Protein chains: 2
Amino acid sequence: MSDERPIGIFDSGIGGLTVVKALRDLLPNENIAYLGDTARVPYGPKSPDTVQRYALELAGMLMKQNAKALVVACNTVSSVAIPALTKNFPVPVIGVIEPGARAALAVTRTKHIAVIGTRATIRSGAYEKTLRAMAQDVQVKSQACPLLVPLIEEGLLSDPVTEQMILRYLDPLLSGEVDTLVLGCTHYPLLTDAIARVLKRQIMIVDSAHNCARAVEQMLDQHGLRAAPLNNGKLQVALTDTPDSFLNIAREALHLSFGQIELRALP
Amino acid sequence: MSDERPIGIFDSGIGGLTVVKALRDLLPNENIAYLGDTARVPYGPKSPDTVQRYALELAGMLMKQNAKALVVACNTVSSVAIPALTKNFPVPVIGVIEPGARAALAVTRTKHIAVIGTRATIRSGAYEKTLRAMAQDVQVKSQACPLLVPLIEEGLLSDPVTEQMILRYLDPLLSGEVDTLVLGCTHYPLLTDAIARVLKRQIMIVDSAHNCARAVEQMLDQHGLRAAPLNNGKLQVALTDTPDSFLNIAREALHLSFGQIELRALP
């Protein structure tokens, strides 16, 4: 038995394509419908109520495309909207935070973990709560890095200004016994090389995109939702507003190929 | 005869408060209703159609507050939505681009003018078209500076990283005979000091906020719409989503005082 309905993935914009890339690599036979809310990006500075309302709208649009599961490829949305999404839709819902937290606990030796993300994600304390719920003795430090997304979206992936900002954000964070850094924003995997270059010492970098993809794989297996092994997975990308240069930056940096972008009106 | 109805001012977010500040200084007896669309900020990367639709929604909300005039305190909106606003509402509509262009032509000696703004404003070519329509022999160079708004919103108004980005954007622009720089984004007046510090040579800086305020003054006089000279002008600030730290940064940097922020739902 197999299920060729698409996995529905959404994000506030383009950043979630890092999760799509991880899913394509891991599950090449799955059909994927991606929806990025470029008309209202970024969600980082918005209130939890607004983010939750927008998330329900986007998920509803993907459900109309017959999605067999919903993947929230956005930390800001994952930090505030998973319960509402689970309650409102009859398919499995997977976010990026729980898989990221689980992976961080699997690799840390010192149990001192640092988390970076947008202001909304950090303010929500979602990683901290999730990590503590999984391991009571874990020490968590977190830091909002609000300028990293704009720098990434400008394509300054290896630029002195970006490296200065990374250093400024991370230097105070990575003191003491911290041995693991969670990239708590789906844009940040595009900075993995820059972060590794800037950091003076060895740190395990946990990338929420990869770990989210692994959690999706497990979930599909549990629920018997896998596409046929011979299915040639298709990727469809839809946005709520015409994309700017960042779409090309992400496409190139991720080596991701997809056809024409569909423009879809919000309800 | 006097008219105490408020002047309705709107912007994609908080940046338009630089225009409010200029209006308060110039016209202290006018009542002002400000509406910032913080739920959907920033407009810079959005398409012209989307920006125009949002502008009509915001203007409609201000008209329900009985606005006697509409001031578009946002270059992105001014660059694409003035005709639609003028057509749809029965009150005078003033943007920031025409006043800024007029002021630049008044101060330039070489007739070589540089314009900086968001990607949407620069892509629209609105300053260039307006300047050319006013003076055929003017030479215009323009440059999108997409990272300046995020840097300003982080409060990095006098920071080495901000100065590096200013230099990177402006150095190629201010070559040759350019003697005038138009700040084509309502956020940018908050960087006037940093820009003056970074630039190696004398440049006339034209600030769209001040020139917009002067245009509003003239328009009120022309249409007999002034408030009574003894009226103690009130400033009411409404936003479409709860404000983040930038509201306090702007309030402090501008020495602007206002009471409680009203949160207003979009239609």
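Every number in this text was worked out from the coordinates using simple rules, so none of it is lab data. The shown structure was predicted, so the numbers you read here are calculated from the model rather than taken from an experiment. When we count neighbours, we look across all protein chains shown, and the Cβ atoms used for this are built from the backbone with ideal geometry, even at glycine.
From the label point of B:Arg132, set 7 Å along Cα to the beta carbon, how far off in nm is each other copy's matching point, shortest first?
Shortest to longest, the spacings are 6.0 nm.
Cβ neighbours within 10 Å, averaged per peptide: list B:248-260, B:12-24 in order, most packed at the top.
Those peptides, ordered most packed to least, come out B:12-24, B:248-260.
How much of the DSSP bridge set in the stretch A:97-209 is antiparallel, in percent, rounded to the nearest 5?
0 percent
Take the protein assembly as shown, drop everything but the C-alpha atoms, weight them equally and run the Debye formula without solvent; then report log10 I(q)/I(0) at 0.09, 0.11 Å⁻¹ to two decimals.
At q = 0.09, 0.11 Å⁻¹ the computed log10 ratios are -0.69, -0.98.
When only Cα pairs under 8 Å and 6 or more residues apart are kept, what is the percent relative contact order across chain A?
That works out to 29 percent.
Seen from all sides and averaged, what is the projected area of the convex hull of the Cα atoms in chain A, in nm²?
Approximately 13.3 nm², given one-decimal rounding.
Starting from a label point 7 Å past Cα on the Cβ side, list the distances from A:Pro83 to the same position in the other copies, nm, shortest first.
5.0
Picking from A:Ile249, A:Asn66, B:Ala196, whose Cα lies most toward the positive end of the charge dipole for the protein assembly as shown (charges on Cβ: Lys, Arg +1; Asp, Glu -1)?
Among A:Ile249, A:Asn66, B:Ala196, the one farthest towards the positive end of the dipole of the protein assembly as shown is A:Asn66.
Using a simple spin-label model with points 7 Å from Cα along the Cα→Cβ vector, what separation in nm is obtained for A:Gln236 and B:Arg53?
For A:Gln236 paired with B:Arg53, the spin-label model returns 2.0 nm.
Straight-line reach from A:Lys46: which lysines fall under 24 Å, measuring Cα to Cα and dropping same-chain residues less than 8 apart?
Cross-link targets: A:Lys87, A:Lys129, A:Lys141, B:Lys46.
Quick one: Debye curve from the C-alpha atoms of the stretch A:188-236, no solvent, what's log10 I(q)/I(0) at q = 0.20, 0.27, 0.28, 0.31 Å⁻¹?
One equal scatterer on each Cα of the stretch A:188-236 leads to -0.80, -1.05, -1.09, -1.16.
Amide H to amide H, which residues 5 or more places from B:Ile32 or on other chains are under 5 Å from it, using H placed in the peptide plane?
Answer set, sorted by chain and number: B:Ile7, B:Lys234, B:Leu235, B:Gln236.
Average partner chain C-beta neighbours within 10 Å, per residue of A:40-50?
So the per-residue partner count for this stretch is 5.
Where Rh is the Kirkwood radius over the Cα pairs of the stretch B:97-208, the temperature 4 °C and the viscosity 1.567 mPa s, what D in µm²/s does Stokes-Einstein return?
For the chosen part, D equals 94 µm²/s.
Determine the relative contact order of the stretch B:97-208: mean sequence separation of Cα pairs under 8 Å and six or more apart, normalised by residue count, in whole percent.
After rounding, I find 36 percent.
Give me the lysines in straight-line cross-link reach of A:Lys234: C-alpha distance below 20 Å, same-chain residues under 8 apart excluded.
A:Lys21, A:Lys64, A:Lys68
Assigning unit charges at the beta carbon (Lys, Arg +1; Asp, Glu -1) and nothing else, what dipole magnitude in debye, to the nearest 20, does the protein assembly as shown show about its Cα centre?
340 debye
In whole Å, what is the distance between the alpha-carbon centres of the stretch A:20-76 and the stretch A:101-174?
So the separation of the two Cα centres works out to 21 Å.
Amide H to amide H, which residues 5 or more places from A:Thr180 or on other chains are under 5 Å from it, using H placed in the peptide plane?
The list, which skips near neighbours in sequence, is A:Ala114, A:Met204.
Evaluate peptide A:58-66: per residue, the Cβ atoms of other protein chains within 10 Å of its Cβ; return the mean as an integer.
Partner-chain Cβ atoms within 10 Å, mean over residues of A:58-66: 0.
So what does the Cα-only Debye profile of the stretch A:1-127 read at q = 0.10, 0.13 Å⁻¹, as log10 I(q)/I(0), no solvent term?
For the stretch A:1-127, the Cα-only Debye profile gives -0.31, -0.53.
Check the axis relating chain A to chain B and name the residue of A whose C-beta is nearest, distance in whole Å.
Residue of A nearest the axis onto B, distance in Å: A:Pro150, 2.
Would you tell me the mean number of C-beta atoms belonging to other protein chains that fall within 10 Å of each C-beta in B:241-248, as a whole number?
Other-chain Cβ atoms within 10 Å of each residue's Cβ, averaged: 3.
Could you tally the net charge around B:Gly15, taking each other residue with its Cβ under 12 Å from the Cβ of B:Gly15, Lys/Arg +1 and Asp/Glu -1?
Spelling it out: positives minus negatives among the neighbours equals -2.
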